[in-house]
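Below is one structure, written out as structure tokens; comments come after it.
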Amino acid sequence: MSQDASLRIIAAGPGTTLQDGGRHFYLRYGITAAGPMDALAHATANLAVGNISDATAIEVTLGGIEVTADGAPLTLAVAGGAFAVTLDGRALPPGALILTLEPGATFRIRAGESGAWCYLAVAGRIKVPPVLGSNATHTRTNFGGIDGRALRAGDVLRVEPPDIAAVPLGVIAAPWLDRPPGIIRVVLGPQDDYFAQDQIAAFRDGPWTVSTKADRMAFFIDGPTLTHAKGYNILSDGIAMGAIQVPGNGRPIVLMADRQSTGGYPKIATVIGPDLGRLAQARAGTSFRFEIVSVEQAVAARRAEADVLARGIVIEPLVRTQFSSEFLLGLNLIDGVVAR
Amino acid sequence: MSLPTTPRFLDAGETALVVEFGDVVDPVINAQVLALDTALRADPPKGVRECVPTYRSLMIHYDPLQIDRARLVDAARSAVADTIVSATVGTTWRFPCCYELPFAEDLDEVAGLLKLSRDEVVRLHTGTPLRVYMYGFSPGQLYLGGVPERLAISRRAEPRPPQPAGGVSIAGGLSVVVPFVMPTGWYVIGCTPERLYAPERDNPFFIQPGDQLRFEPVDVATYHALAERAGRGEVVARKSAA
């Protein structure tokens, strides 16, 4: 029988938000979809704890987070960039993990070697009031999450836990989350005809660097200055996630999860879905170039990604050999059995 | 009435297709966009997730693992061919707007730049119904066209400080109504007590693209009275008889 349980936020870095798969079907009314910056990592964390792939989870930023369970144990998964995690102060192995957090125990995530976002999923349902059918937080318009704002110390997230047994500490086998940026694939358009061929080539070759101005709404990228062939004002039209708009100053902006629904600058190309998370995870200073692909190639990459998740998440319990018995005793985990 | 023209099909990545009917603000082009939107909503091909109508194009968000691009283009093309486009408008709304201080923050500036009196600016803005072309940019934000040429004013080079919620602005021969407080490069000439996004109403967004707004000047006291009623959930804009 499930008990009342909650996840309490002890500390949260700026910009930590609740995100589900996004607020869809209202773009026509100017409502931003929001949703995770790295959908593949978000889905991985959710699937690992037995949730649906687009369930509500915490999107953790470079500022990190510290949480504890209140009332009952909670099963958590973390997946995304290479963040450093500790349980009651003890370092856990790097990479995607699953564990059961006992009441009073503290789980902490901090920025690690690489990556800009990671996802903390909780088995069961995080109970916050949906707005237009979604819990995705869009802080610029105060939609979703808790009062449309970022999470902060003292917030308590009530959780409806599923009837599942506590899980042993395990590593989530998710090699697909190891995605160095290097090359970001794009489909040209919808306004590539606003640029001459040499400008398309300059756009492709870059090289580009993620600037310090990179957030949930947009990634400003540094590189060659592009010139427009026929001006830079277009009649506002729809903006897809990953659209690369080139404003009057010729410096491209990649529009991300919190982008506005429509806009009035030419969009030279669009980052393909499977490479959006890869770009999102690139920190300021990371350099890359674009590769132009066809819609068919983009769909093939998308299908490959869907197939990976469809095969299911494999969890490898940590065994005694990987840790000292003292460490495992300290975690109350011997041979994968959680003592109560 | 107008025969549908052949639209352009442009990719916005592998999950969005732009069906573009033209490149100007024109009620007939917009009517073509809205007709395709209506057709795809009435009978959505499997894999179509949502559509976003704008001035001159429809963005179709789709799942390419459920419908491939070629089939989507075919479906859109046949929907365009089967659609009778008429430039008739939807509902005309008498839409209250206060053109007085403290709401009409930029009215004096606009009047000065256009060499008109304040009253003339208001008369021009209220004198003719403005077509709702699209929502965009922020929740419930309306983009209107049909603004008289004498009110054509360029956007500001630098955005002005945040305008109040409900701000009614003009720039570039267009007008917008902006429900959220935000910085803008447009000139704020008034403010409406109406709420364009009201989550507690059965229909949080009651204006549809293709509708028309005929702005009606209200004084500050009336503005506050209407805002209070709107705050309780009432729609304070009125359908026009004609």
Six or more apart or on different chains, Cβ under 8 Å: which pairs go from a residue in the range B:215-242 that's more than 12 Å from B:GLU100 (Cβ to Cβ) to one that's exposed (fewer than 12 other Cβ atoms within 10 Å of the Cβ) and not small (Gly, Ala, Ser)? Could you list them?
B:GLY233/B:GLU200
Subset of the range B:16-47, residues surrounded by fewer than 21 Cβ atoms within 10 Å (Cβ to Cβ) and small (Gly, Ala, Ser), comes to B:GLY22, B:ALA39, B:ALA42, B:GLY47
Consider A:PRO94 carefully, then state whether it is assigned by TED's automatic domain parsing to the domain that holds A:ALA165, open to solvent by 40 Å² or more (accessible area, probe 1.4 Å) and under 18 Å from A:LEU7 (Cα atoms).
no
Out of B:GLU158, B:GLU234, I need the residue that is modelled with pLDDT of 90 or more, open to solvent by 60 Å² or more (accessible area, probe 1.4 Å) and out of contact with any helix residue (DSSP H, G or I) (no Cβ under 8 Å at 6 or more places or on another chain). Which one?
B:GLU234
Quick check on the range B:69-83. Is at least one of its residues over 28 Å from A:GLY22 (Cβ atoms), outside any helix (DSSP H, G or I) and among the acidic types (Asp, Glu)?
no
Being out of contact with any strand residue (DSSP E or B) (no Cβ under 6 Å at 6 or more places or on another chain), at pLDDT 95 or above and closer than 25 Å to A:THR227 by Cα is the requirement here; does A:SER294 meet it?
yes
Before we move on, is A:ALA243 closer than 28 Å to A:LEU62 by Cβ, of a type outside the set (Val, Ile, Thr) and at the interface with chain B (Cβ under 8 Å from one of its Cβ atoms)?
yes
Out of (1) among the basic types (Lys, Arg); (2) surrounded by fewer than 20 Cβ atoms within 10 Å (Cβ to Cβ); (3) more than 13 Å from chain B (Cβ to nearest Cβ), the odd one out for A:ARG216 is which?
(2)
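The rows are residues; the columns are (1) assigned to a strand (DSSP E or B); (2) more than 9 Å from every other protein chain (Cβ to nearest Cβ); (3) without any contact (Cβ under 8 Å) to a residue 40 or more places away in the chain.
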{"position": "A:GLY231", "(1), (2), (3)": "no, yes, yes"}
{"position": "A:GLY248", "(1), (2), (3)": "no, yes, yes"}
{"position": "A:GLY285", "(1), (2), (3)": "no, yes, no"}
{"position": "A:GLN297", "(1), (2), (3)": "no, no, no"}
{"position": "A:ALA300", "(1), (2), (3)": "no, yes, yes"}
Counting only residues that are facing another protein chain (nearest Cβ under 7 Å) and more than 27 Å from A:GLY264 (Cβ to Cβ), how many does the range B:30-52 have?
0
Name every residue in the range A:60-89 that is farther than 22 Å from A:ALA5 by Cβ, open to solvent by less than 40 Å² (accessible area, probe 1.4 Å) and in a loop (DSSP other than H, G, I, E, B), in order of residue number.
A:THR61, A:GLY64
Within the range B:108-132, can you find the residues that are open to solvent by less than 10 Å² (accessible area, probe 1.4 Å) and outside any helix (DSSP H, G or I)?
B:LEU130, B:VAL132
For the range A:157-192, give me each residue that is over 23 Å from the mean Cα position of the chain (by Cα) and either open to solvent by 60 Å² or more (accessible area, probe 1.4 Å) or away from chain B (no Cβ under 14 Å) (or both).
A:PRO162, A:ASP163, A:ILE164, A:ALA165, A:ALA166, A:VAL167, A:PRO168
Is it fair to say B:TYR55 is assigned to a strand (DSSP E or B), within 14 Å of chain A (Cβ to nearest Cβ), crowded, with 21+ Cβ neighbours inside 10 Å and touching a Phe, Trp or Tyr at 6+ places or on another chain (Cβ under 6 Å)?
no
Return the residues of the range A:200-219 that are part of a strand (DSSP E or B) and either free of Cβ contacts under 8 Å to residues at least 12 places away in the same chain or over 27 Å from B:ASP23 (Cβ atoms) (or both); say none if nothing qualifies.
A:TRP208, A:THR209, A:VAL210, A:SER211, A:THR212, A:LYS213, A:ALA214, A:PHE219
Here the residues within the range A:140-156 that are outside any strand (DSSP E or B), at negative phi and surrounded by 14 or more Cβ atoms within 10 Å (Cβ to Cβ) are A:ARG140, A:THR141, A:ALA150, A:LEU151, A:ASP155
Search result, residues across the range A:14-59 that are touching a helix residue (DSSP H, G or I) at 6+ places or on another chain (Cβ under 7 Å), of a type in the set (A, V, I, L, M, F, W, C), part of a loop (DSSP other than H, G, I, E, B) and surrounded by fewer than 24 Cβ atoms within 10 Å (Cβ to Cβ):
A:ALA33, A:ILE52, A:ALA55
Exactly one of these conditions fails for B:ASP11: (1) more than 7 Å from chain A (Cβ to nearest Cβ); (2) out of contact with any Cys (no Cβ under 6 Å at 6 or more places or on another chain); (3) closer than 26 Å to A:ASN233 by Cα; (4) open to solvent by less than 60 Å² (accessible area, probe 1.4 Å). Give me its number.
(1)
Within the range B:81-89, is there a residue that is touching a residue at least 40 places away in the same chain (Cβ under 8 Å), open to solvent by less than 30 Å² (accessible area, probe 1.4 Å) and within 14 Å of another protein chain (Cβ to nearest Cβ)?
no
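The values are calculated or read from the model by the stated rules, or taken from the named source; none is laboratory data. Everything quoted here is computed from the prediction, not taken from an experiment. Note that each Cβ is placed from the backbone with ideal geometry, even for glycine, and that neighbours are counted across all protein chains shown. Ligands, DNA and RNA are excluded from the accessible area calculation, which covers all protein heavy atoms including side chains. Shrake-Rupley method; radii C 1.70, N 1.55, O 1.52, S 1.80 Å.
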